[in-house]
Amino acid sequence: MESIFTFESLAFTLVVKVLAVVAFFFVAPLVVGYMEHKVLGHMQARLGPMEAGIGPIKHGVGQLVADGAKFIQKEDITPAAADKWVFALAPGVALVPVMAVLVVVPFGPGVWVENLDAGIFFALAATGVAVIGILMAGWGSANKYSLMGALRGAAQLIAYELPLFLAAAAVVIQAGTLSLVGIVEAQAEPWFFGIPMWFVVPQIFGFMLFFTASLAELSRPPFDMPIADSEIIFGHMTEYTGLRYALFMLAEYAGMVVLSALTTVLFLGGWYLVPGTTWPYDQLPQWAAALLGFGVTMGKIFALTFVMVWFRATFPRLREDQLQRFSWLFLIPLAILQIVIVGILKVVAS
Amino acid sequence: MSEYYQAYQTVLALLAAGILVVAVAFTLNRLMRPDKKYGGKLSTYECGIDPVGAGWSQTHIRYYMFAFMFVVFDVETLFIFPWAVHLGAAGEYQGFMLGVMLVFLFFVTLTLPYEYKKGVLKWV
């Protein structure tokens, strides 16, 4: 199947594709950010933002738009001691790779920008660049708390990248392809000894590993040691203000969307509605299938981001050494075990 | 240009668009922001106290061991991916392919108890 963003003119296709990704990149994180404000508020017996609204709709729906308008008017402060270029470029380095991942994520039948052969590999490699942005921010700030936070962040991101990669490798074994579209389509057919189900069932460890590791990759609670406010102020973001700080925040919320989208595609059957069947997509015209698929995928993504927010309200922060041990002694062996299980099942079943 | 590379054209275009978006945001910011800088505002932030020592103070990078371990495991992970793609299509060689990978994974996993015994994962 071709991408729905394909037109006869190559240049026009390219422009539409880029605009689609940029538009999604700026809208979806705002929705997730608003949800975090409201959900976290209600979980802590507060109301969250109530005033800012768009037109007659209140309940704080315009809060993040207002925040953005304010951020763009803020003074741009670079500390006198900072390494100017490294400091200035760090938010961009953190932001752009997250946008690049959206190129390969399928949001519905035909609703993807490119179906790269190396899909999952490309996505994971691009998320790995986040480490460089964090190290640049921490080093460039010339602040000892920033540097400490950046070193913690780097150690955490590389430690949790391994479970993320290994869990994805187990999915690749089962699907037999690296393409994300291929992985979703592989979940349409009954695979597990004739019983129809998505990859989440035979790979329940993999699913939990991938989701936990993506929380750590985003430095979200309970893995927010790199930006632990009670000991190192705000980690690598301590010296950042105004627009540069806003870009870091945007990168975090966009990262939540992207990693939830990858979890959805790898384990939760992507755009499929009912396990084991392509119904109702095989009976709908293409435009309706694309629309429904997009809705179903976004529903799954928002459900996962809701759980991420829920975790933030629930769990206390892990200590640095607990955090490292949790990854090396528990998550990584479990991920290798998952690969062995899926490999054996694959050989036995065929 | 073949179709294979056309897909990567979009990736490149998107990277360019990303840089453009960041540039536009900062240009808008430049037009709209106040600019009144003075000493205290530009000093390093340490919870309101005057900064002690230089910014790049000596830090014990206790995490360098994890970086070493990461390199070992990351290479191993890269090695798994091509194997994972072709396992399903290997036909009669499937059992052999699986066996070889199990031996490989066994030896790689052995590094974890070794590192644990060496005390690498304990806090110093």
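Can you pull out the residues in the stretch A:322-350 that are touching a residue at least 12 places away in the same chain (Cβ under 8 Å), at the interface with chain B (Cβ under 10 Å from one of its Cβ atoms) and closer than 19 Å to residue A:205 by Cβ?
Passing the criteria: A:327, A:328, A:332, A:335, A:336, A:337, A:339, A:342, A:343, A:346, A:349.
Mind counting the residues in the stretch B:73-113 that are β-branched (Val, Ile, Thr), farther than 24 Å from residue A:159 by Cβ and more than 9 Å from chain A (Cβ to nearest Cβ)?
2
Please tell me if residue A:138 is over 25 Å from residue A:278 (Cβ atoms), more than 10 Å from every other protein chain (Cβ to nearest Cβ) and touching a residue at least 40 places away in the same chain (Cβ under 8 Å).
In short, yes.
Give the residue, chosen from A:80, A:52, A:66, that is of a type in the set (Gly, Ala, Ser), within 14 Å of chain B (Cβ to nearest Cβ) and either assigned to a loop (DSSP other than H, G, I, E, B) or surrounded by 13 or more Cβ atoms within 10 Å (Cβ to Cβ) (or both).
Unique residue meeting the criteria: A:80.
Examine the stretch A:181-191 for a residue that is within 12 Å of chain B (Cβ to nearest Cβ), within 18 Å of residue A:264 (Cβ to Cβ), surrounded by fewer than 22 Cβ atoms within 10 Å (Cβ to Cβ) and among the aliphatic types (A, V, I, L, M), and state whether such a residue exists.
yes
For residue A:94, work out the one condition from (1) part of a loop (DSSP other than H, G, I, E, B); (2) more than 9 Å from every other protein chain (Cβ to nearest Cβ) it doesn't fulfil.
Looking at each condition in turn, residue A:94 falls short on (1).
Considering every residue within the stretch A:302-321, establish whether at least one is free of Cβ contacts under 8 Å to residues at least 24 places away in the same chain and within 14 Å of chain B (Cβ to nearest Cβ).
Checking the stretch A:302-321: at least one residue is free of Cβ contacts under 8 Å to residues at least 24 places away in the same chain and within 14 Å of chain B (Cβ to nearest Cβ).
Can you tell me which residues in the stretch A:264-301 are in a helix (DSSP H, G or I), crowded, with 17+ Cβ neighbours inside 10 Å and within 20 Å of the chain's Cα centre (by Cα)?
Across the stretch A:264-301, the qualifying residues are A:264, A:265, A:266, A:267, A:293, A:294, A:296, A:297, A:298, A:300, A:301.
If a residue counts only when it is closer than 30 Å to residue A:83 by Cβ, which helices (runs of 4 or more DSSP H) contained entirely in the stretch B:1-119 have at least 3 such residues?
B:3-32, B:39-42, B:64-87
Of the residues A:159, A:186, A:130, which is at pLDDT below 90 and over 20 Å from the mean Cα position of the chain (by Cα)?
A:186
For the stretch A:1-25, give me the residue count where each residue is in contact (Cβ under 8 Å) with a residue 60 or more places away in the chain and either touching a Gly at 6+ places or on another chain (Cβ under 6 Å) or over 17 Å from residue B:16 (Cα atoms) (or both).
Matching residues across the stretch A:1-25 total 5.
Among residues belonging to the stretch A:192-245 that are under 29 Å from residue A:67 (Cα atoms) and of a type in the set (S, T, N, Q), point out the one that is nearest to the other protein chains (Cβ to nearest Cβ).
Ranking the candidates gives A:238 first.
Assigned to a helix (DSSP H, G or I) and not hydrophobic (A, V, I, L, M, F, W, C): does that describe residue A:38?
yes
Tell me which of these residue A:131 doesn't satisfy, since it passes every other one: (1) assigned to a loop (DSSP other than H, G, I, E, B); (2) surrounded by fewer than 23 Cβ atoms within 10 Å (Cβ to Cβ); (3) within 14 Å of chain B (Cβ to nearest Cβ).
Only one criterion is unmet by residue A:131, namely (1).
Looking at (1) among the hydrophobic types (A, V, I, L, M, F, W, C); (2) within 8 Å of chain B (Cβ to nearest Cβ); (3) within 29 Å of residue A:293 (Cβ to Cβ), find the lone condition where residue A:107 falls short.
(2)
In the stretch B:45-102, what residues are within 28 Å of the chain's Cα centre (by Cα), among the β-branched types (Val, Ile, Thr) and modelled with pLDDT of 80 or more?
B:71, B:72, B:75, B:77, B:80, B:85 - these are the residues of the stretch B:45-102 that are within 28 Å of the chain's Cα centre (by Cα), among the β-branched types (Val, Ile, Thr) and modelled with pLDDT of 80 or more.
To keep it simple, each residue is scored yes or no on (1) at pLDDT 90 or above; (2) assigned to a helix (DSSP H, G or I); (3) touching an Asp or Glu at 6+ places or on another chain (Cβ under 8 Å); (4) over 27 Å from residue A:298 (Cβ atoms).
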| residue | (1), (2), (3), (4) |
| --- | --- |
| A:89 | no, yes, no, yes |
| A:105 | yes, no, no, no |
| A:108 | no, no, no, no |
| A:114 | no, no, no, no |
| A:117 | no, no, no, no |
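The values are calculated or read from the model by the stated rules, or taken from the named source; none is laboratory data. In this text, all values refer to a predicted model and were calculated from it rather than measured experimentally. Cβ: placed from backbone, ideal geometry, glycine included. Neighbour counts: every protein chain shown.
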